[in-house]
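Before any comments, here is the structure.
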Amino acid sequence: MSQAQPVYRHYETVFLVRPDTVESDLDGIKKRISDVIEAGKGKVCRWENWGKRKLAYEIAKQQKANYFYVNFVTLHSSVYEIERNLRIMEQVLQHQTVRIAETVDPNAFDYETESKKKTPLYLTPEEAAALERAYREAWGDAGAFDGDDDGDGDDMDEEEVR
C-alpha cells in the first residue's frame, strides 16, 4: 500500500504587532514565521507591511498596531506551529489565519503571479482608483452601491422608510 500524499493548502495570515516594537524585532518576527513555514515544507508567496493603523477597539491597552500580512502555501500541520509562535510572542497582539484554497499542488502553484498581487489595504490610492475604474467599466452602475432608486436623494427604497 502506498502512503497518502501530503496535502498542501494556500493560506494567508494577518497579525498585529505592538506599535512601539522596534524595526529589528519586526524583522525577527517575520523571519521566525518564514522559518516555520519553510521548515514545514512550505513557501512564502509574499509579505506585506500595512503600516501602523488605529485599531477598531483597544487590545491589550493599545489603540494602534503595526499590521502585517503573509501569504503562503504549506502543509496543514505547519499552520498550528505558525499560530503557536504568534501566540507566544509578546509583541503580537492578535492574529488570524484563513485558508484560501483547500488543496494546492506545490510544484504547479504559480508563486510568481501570487507574489505580484497586492491586497486592497496595500494598494496605493492610484492603484485603488485604477481598480475601481476597471470594476465600473466591467460592471457599470449595476455593480455600484450608491444608487438612489426612488429619486428622493436618500439612497433608501420606499419600503425601507416605512
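Brief remarks follow.
- Estimated distance in nm for a label pair at Ala128 and Trp47, the labels positioned 7 Å out from Cα along Cα-to-Cβ: 2.4 nm
- A simple spin-label model places pseudo-atoms 7 Å from Cα toward Cβ; at Lys54 and Asp20 they are separated by 2.1 nm.
- Working from label points 7 Å from Cα in the Cα-to-Cβ sense, the Gln63 to Ala4 distance is 5.0 nm.
- Between Ser115 and Arg136, the contour length at 0.36 nm per residue exceeds the Cα-Cα span by 5.0 nm.
Each value in this text was obtained by applying a stated rule to the coordinates, not by laboratory testing. Not measured: the values here are computed from a predicted model. No Cβ is skipped: glycine too gets one built from the backbone with ideal geometry, and neighbour counts run over all protein chains shown.
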